[in-house]
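One structure is given here, and the rest of the page talks about it.
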Amino acid sequence: MAATIELPQGTLDLLILQTLALAPQHGWAISERVQQISSDALRIQQGSLYPALHRLERRGWIKARWGVSENNRRAKYYELTKAGRRQLELEKDAWLKLTAAMAQVLGMA
Amino acid sequence: MLSDGLYRLRSLFRRARVEEELDDELRFHFEQTVAKGIREGLTSDEAARRARILIGGIDQVKEQCRDARGVWPLEVLLQDLRYALRLLRQKPAFTAFAILTLALGIGANTAIFSVVNAVLLRPLPFREPERLVKIRFSEPGLGLRGVLYSLPELEDLRNRAGVFEYVTGTCRGSVNMTGGARPERLEVILGSANYFATLGVEPQIGRLFRLEDSVPGLAPSAVISDSLWRRDFSGDPSAVGRTIRIDEEAYQIVGVLPPGFRNPSRTGRSTAHDVELWLAYGFMAPSDPKPLRSARAFPGVFGRLKRGITFQQAQARLAAMAAEIRRDYPADYPPQAQWTLEITPLQDDIVGNTRPTLLVLLGAVTLILLIVSLNIANLLLARASGRQQEMAVRSALGASRQRIVAQMITESVLLSVIGGVAGIAVAFAGLRVVAHVIPSNIPRLTEVSLDWRVLVFALLTSLATGLIFGLAPAVHTARSDLLPGIRENSRGSGASVKTGRFRDVLVISELALAVVLMAGAGLLLRTLRSLMEENPGFNPTQIVTANVNLPYPGDPAKDPYHTLAKQIAFYKELARRINSIPGVARAGFVSHLPAASTDGFRFSLGIEERPSNGAADLHARDIPINPDYFQVMQIPLVSGRNFSNDDEGGKPRVAIVDESTARRYWPESDPLGRRIRMGQGAWMTIVGIVKDVKQDGLDVVGFPHVYVPMYQAFDVSEGYIFRDFAIAIRTSQPLSVLEPEIRRQVSSVDANLPVYDVASMDELLDRSLASRRLTANIVSGFALVALLLASIGIYGVLAFMVGQRLPEIGVRVALGASRSDVLKLIVGKGVVLAGIGIVVGVLVALAAATLMGTMLYGVQPHDPVVLVGVSVLLFVVALLASYLPARRATQVDPSTALRTT
């Protein structure tokens, strides 16, 4: 298991949007999914996940509806809106540019 | 953003629902985490424990979600308000004190502002009032502003200036009216027929003046005020068309003005009543030859600027026109007089010299409100220190600093708004009192009311006050480190030391402001005292005065006093009868009683064998008197002789001058025997010199006065109008006994003459100071309140300090400190605070006092007596206020003080 790294500022929104791009999910699944895909390297602070979800919902990038979970429980599912998809592309683009530039500077490209 | 707004609205209106969903969502997450733990082989207890750690403080998460949803501006406000109300109820003494002082502070501000609003700010109630201007003829070369004008000059304004839509001339006077419910003495305006058109008013019933009213002399039409209509004609519409008699002549009432219409001028001088009657005046007698430019006899004129002409354009054009006229008629306009025209907005003209008074009052109430705010800020700070623990707990539960500050500001604004509402009530009650006590010489006072402007002012004032006194403790709390507060015994932490210093600054400011207010009050009181001690130049005790007017019909055939002989006979008979009243020593007659008249007419003074127009300041006021006047008033004769009954019409004209006139115009020689004349009047020989009299008011350094015998002054051929006069009676009888006697004697000579404004001379002098007295009393009242609040402030700081340092004091006492050591510790602190506050206050007062310059008389703005007196008084009070908490400190039982920590 890789060591857990702190999420850099501003990346939480990007992670949430990317995760939701695949399919609508509830909050718990989002945190599980991020952890899983990053091979446990990224772990979302539970305390910051929900405020982030509510903030993204307010901005209109995701929307919520109540559904039924795999184990038959009532759960709040979030999905990307059109605006959210555009935002995801923007943030992704910016992130890739940033990391590429960082790699170049650090002499790894 | 629409979605954002909807989202917030949803948050607000479906609060319960949203909260429930948030609960559900987080519970789901928690259960999923627990379930995962169990799947991984943990016991359910252990899984739950780990899940709780992972999620962190559930209440913090919830609070952050609420913040993220952005609901708090609305929802949180309600929540904060509920909480604030609960807090206020829990501390009834603090709440009552805060609301009471706020109500007084805001109430006083609102009341004074509503006066300022009515007098200075609210536009005149006429159509497009900004186009109305007062026009003045001036001779700056002679130092004269507002000289009389002639008919051709009035025509120039109308036909030559080109900047006015209307120009209207006015003469103000008072007349006897009969034909209503009772005979009345009324203030009247004789105005050009376009008077009402110029102002832009419509009648309530009937009509106003029309072109046909523009005739030489007076048109037989009268317009009356709403108040007169209701008083004398019981508001009956059939009053229009009725005939009334004004000074013996018949006029027909043609119209009634709407309620609230007032002649745009200061209130009346003789009866202190508003103008209630208007007559159309053609400014020319029917028989007049072509009017002369030099026949300057008319006092008032105002105009309405043409639309599109700015004030500056009009002023420039009038100055240019004046120059043209001076060039065209050099004989009528001696160059050294520099005769010219100036205009002022009508509103400014009406307000006149009341502006500084009102601004000083407004400044005083603002200071009071500042002190009130500082005091409450101080109390709140003390409370905030006590609430450190509460704030620390709230912070631990997830409240952001922003949130805590918002909560505290909500509390203080709620307090100030409650105070503001109470303040409006105070202002409303106060205005009723003010309306009775404020002297009638402040114009437009009848228009004072609580209109929307005043209410908005009160509201903004309370909000601003709440922000000011709430911000300090709130910011302070937010800035200080909250964590120590959660520990139980946080006394003596850095936070409270900082609070202490901050409170010191507040108290020092309070003291300084109190010094400023007290210094202002001191200056005004000293002004009042020096005015009351001012020698009026005569002996006002045991003098009763009354006013009588002879009618002056335009038609000589109806004039019972048309010839000088008839008038002299009347005056001599009246004097004889009044002198026969038991207890009356002597009766004097005078055109204007000293200190009672405020009209500033003066005439150019001609001195024989001295080049006319040579000296710039040759002007004087003539005062017709009867021979007994000087004896009655006990005005001493310095040299020469008094008038006698023989100084009548037809005999050589004589005059008596006062000492300052003699000194001014004959500094090197004796004026006795010299000849002078008023304007273009007949030459008079100076036969006597009397002591100076404060003729124009106790606070006016008067211009020269020339007394003339009234039996010579009426000279119809000179166009001299003198029919209003006052009787001054030296008597041992009280006013109440004498008044009916005077009325009886006047009506026994002529039953048609009204007698009005009967008053003792002492009372008249007193009345002339009423406005100053009121201002001084109001400011002194404010200064007292400031002193009280400042001492409460200093007491509060020290009492709090004692409470905080009880353990320390206990230790000191246990280690052998004496009572006086402890006293010194606490009182010393009070002395330092008071000392700094007083020094700062004196410096500010020195800088501010010059603003009051125009309101002072007989005292310098930097009067050392006032400043030292104020400082000593404040210091003593501060000492007393520090002694009380200090005494408490000395009574500390060291063992108790140490144990409770």
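Read-outs: derived from the displayed coordinates by stated rules, not from any lab. Just so it is clear, the model here is predicted, and its values are computed rather than measured. Quick reminder, even Gly has a Cβ in these numbers, built from the backbone with ideal geometry, and neighbours come from all protein chains shown.
Rounded to the nearest 500 deg cm²/dmol, what is the calculated helix-only ellipticity per residue at 222 nm for chain B, with -39500 (n - 2.57) per DSSP H run of length n ≥ 4? Could the numbers behind the result be given before it?
Values: 28 runs with 465 residues, N = 901.
Computed mean residue ellipticity for chain B: -17000 deg cm²/dmol.
Kindly give the semi-axes, whole Å and largest first, of the ellipsoid equivalent to segment B:830-901, taking each as the square root of 5 times a Cα gyration tensor eigenvalue. Walk me through the numbers before you get to the answer.
Working: eigenvalues 335, 25, 10 Å².
Value: 41, 11, 7 Å, ordered largest first.
Could you work out the local net charge near B:Thr178, counting Lys and Arg as +1, Asp and Glu as -1, over the other residues with Cβ closer than 13 Å to its Cβ? Provide the component values of the computation, followed by the final result.
On the way: positive: B:Arg182, B:Arg185, B:Arg242, B:Arg245; negative: B:Glu184, B:Asp232, B:Asp247, B:Glu248, B:Glu249.
Local charge sum for B:Thr178: -1.
Can you spot the lysines whose alpha carbon is less than 24 Å from B:Lys824's alpha carbon? Ignore those fewer than 8 places along the same chain.
Straight-distance partners of B:Lys824: B:Lys498.
Hey, can you list the DSSP H helices of chain B whose Cα span along the axis is 27 Å or longer and whose average Kyte-Doolittle score is at least 1.0?
Details: long enough: B:15-39 (36 Å, -0.98); B:92-116 (35 Å, 1.75); B:354-386 (48 Å, 1.61); B:401-437 (51 Å, 1.28); B:452-479 (39 Å, 1.29); B:494-533 (58 Å, 0.94); B:770-804 (50 Å, 1.41); B:819-849 (43 Å, 1.82); B:864-890 (38 Å, 1.70).
Membrane-span-like by this criterion, though nothing is claimed about a membrane: B:92-116, B:354-386, B:401-437, B:452-479, B:770-804, B:819-849, B:864-890.
Near the amide H of B:Lys306, under 5 Å away, which other amide H atoms are found, from residues 5 or more places off or on another chain, if H is placed in the peptide plane?
HN-HN under 5 Å from B:Lys306: B:Phe164, B:Glu165.
Please state the shape class of chain B: rounded when a/c is under 1.5, otherwise prolate if a/b exceeds b/c and oblate if not, all from the C-alpha gyration tensor. The partial results should precede the final answer.
Values: a/c = 2.97, a/b = 2.02, b/c = 1.47.
Prolate.
Gain in length, B:Val876 to B:Asp821, computed as 0.36 nm per residue apart minus the alpha-carbon separation, to one decimal in nm?
On the way: separation 55, 0.36 × 55 = 19.80 nm, distance 2.02 nm.
Answer, rounded to one decimal: 17.8 nm.
So for chain B, averaging the separation of alpha carbon pairs under 8 Å that are six or more residues apart and normalising by length, what relative contact order in percent results?
Details: 1471 pairs, mean separation 133.7, N = 901.
Reported relative contact order: 15 percent.
Where Lys and Arg each count +1 and Asp and Glu each count -1, what net charge lies around B:Ala728 among other residues with Cβ under 11 Å from its Cβ? Walk me through the numbers before you get to the answer.
Details: positive: B:Arg586, B:Arg730; negative: B:Asp628.
My count for the surroundings of B:Ala728 gives +1.
Counting Lys +1, Arg +1, Asp -1, Glu -1, what net charge surrounds B:Lys691 among other residues with beta carbon under 10 Å of its beta carbon?
On the way: positive: none; negative: B:Asp658, B:Glu659, B:Asp692.
After counting each charged neighbour, the total is -3.
Determine, from the Cβ-Cβ distance of B:Trp666 and B:Ser644 and an R0 of 30 Å, the FRET efficiency 1/(1 + (r/R0)^6), rounded to the nearest 0.05. It would help to have the intermediate numbers written out before the result.
Numbers: r = 24 Å, r/R0 = 0.79.
Here the calculated transfer efficiency is 0.80.
So, R0 is 35 Å and r is the distance between the beta-carbons of B:Arg210 and B:Ala557; what FRET efficiency does that work out to, to 0.05?
Details: r = 27 Å, r/R0 = 0.78.
Working from the Cβ atoms, E equals 0.80.
Under the Kirkwood approximation for Rh and a Cα-based Rg, what ratio Rg/Rh is obtained for segment B:762-901?
Working: Rg = 21.1 Å, Rh = 17.8 Å.
Rounded to two decimals, Rg over Rh is 1.19.
Give the span of chain A's Cα atoms along each principal axis, as three whole-Å numbers ordered largest to smallest.
50, 34, 22
What list of ³J(HN,Hα) values in whole Hz, one per residue of segment A:59-72 in order, does the Karplus curve 6.51 cos²θ - 1.76 cosθ + 1.60 (θ = phi - 60°) give from phi, with Gly and Pro shown as x?
6, x, 8, 10, 10, 10, 9, 8, x, 10, 7, 4, 9, 6
Evaluate the distance, in nm, between pseudo-label points positioned 7 Å from the Cα of B:Arg158 and of B:Ile836 along their respective Cα→Cβ axes.
7.1
Can you tell me the 0 to 90 degree angle between the C-alpha axis of helix A:11-22 and the longest principal axis of chain A, rounded to 10?
Taking Cα atoms only, the helix is inclined about 60 degrees.
Could you please state, rounded to a whole Å, how far the C-alpha centre of segment B:836-901 is from the C-alpha centre of segment B:306-363?
Result: 48 Å between the Cα centres.
At what distance in nm do the modelled label points of A:Ala103 and B:Leu884 sit from each other, each positioned 7 Å from its Cα along Cα→Cβ?
About 7.7 nm separates the two model spin labels.
How far apart, in nanometres, would the label points at B:Arg744 and B:Asp328 be if each is projected 7 angstrom from Cα along the Cα-to-Cβ direction?
6.2
Calculate, axis by axis, the spread of Cα positions in segment B:129-351 along the three principal axes, and write the results as whole Å, longest axis first.
55, 38, 31
Pull up all non-local amide H partners of B:Val654: gap of 5 or more, or a different chain, and H-to-H distance under 5 Å with H placed in the peptide plane.
Under 5 Å from the amide H of B:Val654 lie the amide H atoms of B:Thr685, each far enough along the sequence or on another chain.
Dividing the Cα radius of gyration by the Kirkwood radius, what Rg/Rh value follows for segment B:499-571?
Value, to two decimals: 1.54.
Rounding to the nearest 20 debye, state how big the charge dipole of the protein assembly as shown is about its Cα centre with +1 on each Lys and Arg Cβ and -1 on each Asp and Glu Cβ.
Working: 113 positive and 96 negative charges, 691 e Å.
Here the protein assembly as shown has a charge dipole of around 3320 debye.
Name the residues whose placed amide hydrogens come within less than 5 Å of the amide hydrogen of B:Ala585, ignoring near sequence neighbours (fewer than 5 apart) on the same chain.
Amide H to amide H, under 5 Å and 5 or more residues apart or across chains, B:Ala585 pairs with B:Arg730, B:Thr731, B:Ser732.
Could you work out the longest stretch of chain A that avoids the GluC sites (Glu not before Pro) located in DSSP loops with at most 13 other Cβ atoms within 10 Å?
Working: sites that count: A:Glu6, A:Glu70.
It works out to A:7-69.
Please give the contour-minus-distance gain from B:Leu788 to B:Arg182: 0.36 nm per residue of separation, less the Cα-Cα distance, rounded to one decimal in nm.
Numbers: separation 606, 0.36 × 606 = 218.16 nm, distance 5.27 nm.
Residue separation times 0.36 nm, minus the Cα-Cα distance, leaves 212.9 nm.
Helix A:82-105 sits at what angle to the longest principal axis of chain A, using alpha carbons and giving 0 to 90 degrees rounded to 10?
20
How large is the convex hull of the Cα atoms of the protein assembly as shown per residue, expressed in Å³ as a whole number?
Details: hull volume 291.8 nm³, N = 1010.
Hull volume normalised by residue count: 289 Å³.
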